[in-house]
Amino acid sequence: MERRRRQLRAFRKRRELRIVIDRTKAIAPSDILAFVTLRNERIRLPYFLRYYRNLGIKHFLIVDNGSDDGSDAYLEAQEDVSLWSTGASYKASSFGVDWLNHLLRHYGTGHWTLTVDPDEFFVYPFCDTRPIEALTDWLDTYDIRSFPAMLIDMYPKGPIDAVPYREGQNPFEIASWFDAGNYTIARNWYFQNLWIQGGPRARMFFSKTPEAAPSLNKIPLVKWERDFVFASSTHMLLPRGLNMVYDEWGGEKASGCLLHAKFLSPLTAKVAEEMKRREHYAGSREYAAYQETLSAEPDLWTKWSEKYINWRQLEILGLMSKGNWA
């Protein structure tokens, strides 16, 4: 019933999407596709697109939610982008999930699909030497339909606004640090997914209420079928079997990470904008926490912070695994 309800929501919400440029006829049957919802991310887009093109993404299907910073015009000019626009409520669309569920059903069926935000960068085993197609080929061989990635919040050493982020720059030249530990894991028995919290957002912005900290578990890479839906961002899917991305018997299944480049200089302006719009989860509780803390120019870095090197470092720390993919 829940899956059917979400499918119907997506079907109704499709009317809120206006096609800006449709290049989906160029999509080949074997192409790996990226699905994105964004608003006012112009400064991030050049590096974001370059990063995923280099990984092997062939086409980007993007919903622009009322940008006024030139994001729409920039994306319209990219030959591997199909773009939809909407001025409708992000909150009322299940925070963009309804829009993406529609596009995934219509265009993603039969493809490996990667659903990410413009500040999320997918890292998987051997990503420095193997394209994403090598990963999806291996997943196909073992009939694995979904692949998880823990969100790792990256941050600079010093105040977030101290070093301005430049358009086209690798964000991890600035936000190069992360928490190696400080994570909690629980199991959501209804959806059968893991629920992960912690990192710098829990210790700095939600120190008094860590149970309210944002969840870090995501399942961004899915071999999409027509009756699949995301149930809450990319945290969990229906049918529930897609959320069983871990080994119940104590072993390790292959997994990746999403390096989260939120804590850069554009964040301050983004927080001010989103506090006016109030379009995010729980009355924009997360952005309210940012606003309260950022005014003091906090330094997220601690003596326990780790400087990012590569995916192998994340595997050694137990934040991702190559499982039996050799």
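Computed extension gain for ALA77 through ALA212, at 0.36 nm per residue and net of the alpha carbon distance, reaches 44.6 nm.
In this Cβ point-charge picture (+1 for Lys and Arg, -1 for Asp and Glu), the chain has a dipole of about 900 debye about its Cα centre. Value of Rg to Rh for the stretch 146-251, rounded to two decimals, is 1.04; Kirkwood radius and Rg both from alpha-carbon coordinates. The dipole here belongs to the stretch 39-174: it is taken about the Cα centre, uses +1 on the Cβ of Lys and Arg and -1 on the Cβ of Asp and Glu, and is about 120 debye.
Please rank TRP304, TRP99, fewest neighbouring Cβ atoms within 10 Å first, as an exposure proxy.
By the 10 Å Cβ count, ascending, the order reads TRP304, TRP99.
The ALA28 and MET244 beta-carbon pair, evaluated with R₀ = 30 Å, returns a calculated FRET efficiency of approximately 0.50.
Using 0.36 nm per residue and subtracting the Cα-Cα separation, the extra length available between ASN188 and MET1 on full extension is 65.5 nm.
When LEU100, LEU49 are sorted by how many other C-beta atoms sit within 10 angstrom of their C-beta, beginning with the fewest, the order is LEU49, LEU100. Were the residues from ALA162 through LYS91 laid out at 0.36 nm apart, the gain over their Cα-Cα distance would be 22.4 nm. Counting beta carbons within 10 Å around each of SER295, SER94 and listing the fewest first gives the order SER295, SER94. Based on C-alpha pairs under 8 angstrom that are at least 6 apart in sequence, the chain has a relative contact order of 22 percent. When the alpha carbon gyration tensor of the chain is reduced to an equivalent ellipsoid, the three semi-axes, largest first, read 27, 25, 20 Å. With all pairs of separate Cα atoms included, the stretch 169-326 yields a Kirkwood hydrodynamic radius of 17.5 Å.
Would you kindly give the portion of the calculated P(r) for the stretch 45-120 that falls above 15 Å, as a percent of all Cα pairs?
More than 15 Å apart: 58 percent of the Cα pairs in the stretch 45-120.
Centroid-to-centroid, using Cα positions, the stretch 146-163 and the stretch 49-126 are 20 Å apart.
Here the ratio of the Cα radius of gyration of the stretch 89-212 to 2.2 N^0.38 Å is 1.28. When the stretch 21-82 is described by a simple charge dipole with +1 on each Lys and Arg Cβ and -1 on each Asp and Glu Cβ, the residue from ILE57, VAL81, THR37 located farthest towards its positive end is ILE57.
No value in this document is a laboratory result; all are computed from the given coordinates. None of these values were measured; they are calculated from a predicted model. All Cβ positions, even for glycine, are placed from backbone atoms using ideal geometry, and neighbour counts span all protein chains on display.
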